[in-house]
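*Asks:* Got a structure for you, questions after.
The values are calculated or read from the model by the stated rules, or taken from the named source; none is laboratory data. Just so you know, these numbers come straight off a predicted model, no measurement behind them. Positions of Cβ are backbone-derived with ideal geometry, glycine not excepted, and every protein chain shown enters the neighbour counts.
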Amino acid sequence: MLLTGLRVLDLTDQKAAFCSKLLTDMGAFVIKVERPGGDASRNAGPFMGNEPHPEKSLSFFYNNTGKSGITLNIEHKEGKKIFLELVKKNDVIVESFSPGYLDKLGLGFESLSRINPKIILASVTGFGQTGPRKDYKTCDLVASAFGGQMSVTGSFKPLKHYGEQSYLTASLFAATGIMLAVRKRRMTGKGEHLDISIQEAVASTLEHVMVRYFYENIIPERKGSLHWDNLFHIFKCKDGFIQITLFDKWETFVEWMESEGLAQDLIKKDYLDKTYRISRLDHIIKTVENWTKTHTVKELFELGQLMQFPWAPVDSPQKIVKSPQLKARGFFKNVCPARNDIIKKCPGLPYQFGSKPNQSVARAPLTGEDNLNLYGKELGFSKKKLEELSSMGII
């Protein structure tokens with residue numbers, strides 16, 4: 001694995017747990033450090049069987065597969081000492097506390113660097129470590145709104161993306177930044193403090209939106225199921241929805257519809273002119289949908305692909321897990337038997353490096369599951385010492 005040998009301390013909640021999961025998937029040894037009793041993100045749903053329980057959170061399970069887990073109160077004087085001992089033995093720390101929190105504990109980057117000059121600290125926060133809004137409270141919804149995604153998503157009203165896309169985006173940038181910092185450290189021998197703003201991560205994904213605003217002073221409108229450049233639209237079929245390119249191979253497309261007697265006036269030569277087609281876009285969409293409604297998704301998808309149309313069904317999760325393509329590539333992985341009471345399978349990596357991918361993934365840790373093993377192995381603590389620390393609320 002690419003990151004085998006890299007050691008990571010994970011002090012994140014939902015905002016950045018996916019970052020350390022990515023590092024785990026690439027071979028890093030990640031230790032999830034939770035407060036005694038477990039991290040608050042264990043209380044985030046959905047839950048297995050709709051039964052709220054800190055060990056049945058599906059979001060926590062997914063974001064923490066493959067990690068080891070310990071509990072530690074870094075606000076306690078003794079807990080802080082233990083944490084600093086762990087810092088000496090690790091390469092990277094990923095955290096998502098409010099700006100200044102670690103500094104108040106004496107665990108800011110400068111303090112950590114004195115303990116381990118090679119340490120890389122990745123801080124993922126709503127608005128970054130600096131600026132007038134650095135202390136504002138955030139969540140995925142806030143980030144989606146402040147980052148600009150929501151303003152260009154939806155039809156008549158702004159629409160939030162599904163799930164926690166803002167957090168996932170920030171985590172991807174954080175993981176990339178960490179790998180770059182590791183590469184730089186090999187050349188300089190020094191660590192780095194990475195300041196990742198979720199708002200900036202979201203704004204970085206706006207691609208054409210920002211480009212058009214800067215260079216054309218145009219604010220794109222929300223287009224719903226229509227691509228911003230009118231390239232494709234999502235249409236209703238007999239049994240679902242399909243994404244269809246509107247102007248690709250126009251004459252062939254219209255001939256197909258006409259062979260079924262549903263092209264209406266689209267056969268007119270006027271429509272060969274792209275400018276004219278755009279001026280009649282609403283009519284074209286209505287006419288095409290009258291045609292797609294007479295077909296199943298499978299019919300249009302398979303025949304469209306045979307005719308070199310880049311069309312695609314809008315698949316549900318139920319269909320995705322049965323995808324012959326994903327099955328052939330081994331994308332969905334079995335969860336190790338020790339925890340498949342919670343979940344049987346989960347998504348794997350979207351990239352492969354030539355070698356045969358693993359067929360299973362390790363489960364997420366139970367609360368403090370690796371305390372005995374890691375504290376004993378890493379710091380030489382006896383079982384009696386651990387019991388004492390536990391009774392004091394330190395671990």
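*Asks:* In contact (Cβ under 8 Å) with a residue 24 or more places away in the chain and touching a Ser or Thr at 6+ places or on another chain (Cβ under 6 Å), is that true of F60?
*Replies:* The answer is yes for F60.
*Asks:* Sticking with this one: Please go through the stretch 167-195 and give me each residue that is out of contact with any Leu (no Cβ under 8 Å at 6 or more places or on another chain) and closer than 21 Å to S144 by Cα, ordered by number. Before you say what the answer is, go through the steps one by one.
*Replies:* Residues of the stretch 167-195 that are out of contact with any Leu (no Cβ under 8 Å at 6 or more places or on another chain), as a first pass: 167-170, 173, 176, 180, 183-190, 195.
Hits for the stretch 167-195 are Y167, L168, T169, A170, F173, T176, D195.
Here is a yes/no grid of residues against (1) surrounded by fewer than 17 Cβ atoms within 10 Å (Cβ to Cβ); (2) within 18 Å of E34 (Cα to Cα); (3) aliphatic (A, V, I, L, M):
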residue: L86; (1), (2), (3): no, yes, yes
residue: I93; (1), (2), (3): no, yes, yes
residue: S96; (1), (2), (3): no, yes, no
residue: R114; (1), (2), (3): yes, no, no
residue: G126; (1), (2), (3): no, no, no
residue: Y136; (1), (2), (3): yes, no, no
residue: Q149; (1), (2), (3): no, no, no
residue: V152; (1), (2), (3): no, no, yes
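*Asks:* Please work out if Q199 is in contact with a helix residue (DSSP H, G or I) (Cβ under 6 Å, 6 or more places away or on another chain) and modelled with pLDDT under 95.
*Replies:* Here the answer is no, as Q199 does not meet what is asked.
*Asks:* Right, next: Just one of the numbered conditions (1) in a loop (DSSP other than H, G, I, E, B); (2) within 18 Å of F97 (Cβ to Cβ); (3) out of contact with any helix residue (DSSP H, G or I) (no Cβ under 7 Å at 6 or more places or on another chain) is not true of D13; which one?
*Replies:* Going through the list (1) in a loop (DSSP other than H, G, I, E, B); (2) within 18 Å of F97 (Cβ to Cβ); (3) out of contact with any helix residue (DSSP H, G or I) (no Cβ under 7 Å at 6 or more places or on another chain), D13 breaks only (3).
*Asks:* May I pose another question? For the stretch 17-34, state whether one or more residues are in the same structural domain as I198 (by TED's automatic domain parsing), small (G, A, S), within 24 Å of M179 (Cα to Cα) and assigned to a helix (DSSP H, G or I).
*Replies:* yes
*Asks:* Considering only the stretch 36-70, state which residues are of a type in the set (A, V, I, L, M, F, W, C) and farther than 19 Å from A16 by Cα.
*Replies:* Matches in the stretch 36-70: F47, M48.
*Asks:* Scanning for something more than 29 Å from G154 (Cβ to Cβ), among the acidic types (D, E) and loosely packed, with under 14 Cβ neighbours inside 10 Å, does the stretch 276-290 turn up at least one residue?
*Replies:* Among the residues of the stretch 276-290, not one is more than 29 Å from G154 (Cβ to Cβ), among the acidic types (D, E) and loosely packed, with under 14 Cβ neighbours inside 10 Å, which makes the answer no.
*Asks:* Mind checking which residues of the stretch 202-246 are surrounded by fewer than 14 Cβ atoms within 10 Å (Cβ to Cβ) and modelled with pLDDT of 95 or more?
*Replies:* Answer for the stretch 202-246, where residues must be surrounded by fewer than 14 Cβ atoms within 10 Å (Cβ to Cβ) and modelled with pLDDT of 95 or more: K238, D239.
Conditions (1) of a type in the set (D, E, K, R); (2) within 16 Å of I395 (Cβ to Cβ); (3) within 18 Å of the chain's Cα centre (by Cα); (4) buried (at least 21 other Cβ atoms within 10 Å of the Cβ), marked per residue:
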residue: L3; (1), (2), (3), (4): no, no, no, yes
residue: L11; (1), (2), (3), (4): no, yes, yes, yes
residue: C19; (1), (2), (3), (4): no, no, yes, yes
residue: T65; (1), (2), (3), (4): no, no, yes, yes
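*Asks:* Collect the residues in the stretch 304-333 that are aliphatic (A, V, I, L, M) and either on the phi > 0 side of the Ramachandran plot or touching a residue at least 12 places away in the same chain (Cβ under 8 Å) (or both), keeping them in residue-number order. Even if it seems obvious, please write down each step before you answer.
*Replies:* Our first condition is that a residue be aliphatic (A, V, I, L, M); within the stretch 304-333, this holds for 306-307, 312, 314, 320-321, 326, 328.
Of everything in the stretch 304-333, those that are aliphatic (A, V, I, L, M) and either on the phi > 0 side of the Ramachandran plot or touching a residue at least 12 places away in the same chain (Cβ under 8 Å) (or both) turn out to be M307, A312, V314, V321.
*Asks:* Before we move on, is K184 among the basic types (K, R) and part of a loop (DSSP other than H, G, I, E, B)?
*Replies:* Values: among the basic types (K, R): yes; part of a loop (DSSP other than H, G, I, E, B): no.
When the stated conditions are applied, K184 does not pass them.
*Asks:* So which of V92, V87 is touching a residue at least 24 places away in the same chain (Cβ under 8 Å) and either of a type in the set (S, T, Y) or touching a Lys or Arg at 6+ places or on another chain (Cβ under 9 Å) (or both)?
*Replies:* Working: V87 fails: either of a type in the set (S, T, Y) or touching a Lys or Arg at 6+ places or on another chain (Cβ under 9 Å) (or both).
Unique residue meeting the criteria: V92.
*Asks:* Quickly run through the stretch 365-395 and pick out the residues that are charged (D, E, K, R) and exposed (fewer than 15 other Cβ atoms within 10 Å of the Cβ).
*Replies:* Residues of the stretch 365-395 charged (D, E, K, R): 369-370, 377-378, 383-385, 387-388.
Across the stretch 365-395, the qualifying residues are K377, K383, K384, K385, E387, E388.
*Asks:* Report the residue count in the stretch 104-134 for those that are under 12 Å from S197 (Cα atoms) and either touching a Pro at 6+ places or on another chain (Cβ under 7 Å) or of a type outside the set (G, A, S) (or both). Full working, then the answer.
*Replies:* Residues of the stretch 104-134 under 12 Å from S197 (Cα atoms): 122-131, 133-134.
Narrowing the set further to residues that are either touching a Pro at 6+ places or on another chain (Cβ under 7 Å) or of a type outside the set (G, A, S) (or both) leaves 124-125, 127, 129-130, 133-134.
Residues meeting the conditions: 7.
*Asks:* Continuing with this model, one more query. In the stretch 342-395, what residues are assigned to a strand (DSSP E or B), at pLDDT below 85 and either assigned by TED's automatic domain parsing to the domain that holds M26 or of a type in the set (A, V, I, L, M, F, W, C) (or both)?
*Replies:* The answer is V361, and nothing else.
*Asks:* Which of the residues that make up the stretch 44-92 are among the acidic types (D, E) and either in a strand (DSSP E or B) or modelled with pLDDT under 95 (or both)? Show your work before the answer.
*Replies:* Of the stretch 44-92, the ones among the acidic types (D, E) are 51, 55, 75, 78, 85, 91.
Listed by number, the residues that qualify are E51, E55.
*Asks:* Taking the conditions exactly as written (of a type outside the set (G, A, S), more than 30 Å from F60 (Cα to Cα) and either in contact (Cβ under 8 Å) with a residue 40 or more places away in the chain or touching a Lys or Arg at 6+ places or on another chain (Cβ under 6 Å) (or both)), does K184 satisfy them or not?
*Replies:* Values: of a type outside the set (G, A, S): yes; more than 30 Å from F60 (Cα to Cα): yes; either in contact (Cβ under 8 Å) with a residue 40 or more places away in the chain or touching a Lys or Arg at 6+ places or on another chain (Cβ under 6 Å) (or both): no.
No, not satisfied.
*Asks:* Return yes or no: is E95 at pLDDT 95 or above and in contact with a strand residue (DSSP E or B) (Cβ under 8 Å, 6 or more places away or on another chain)?
*Replies:* It is true that E95 is at pLDDT 95 or above and in contact with a strand residue (DSSP E or B) (Cβ under 8 Å, 6 or more places away or on another chain).
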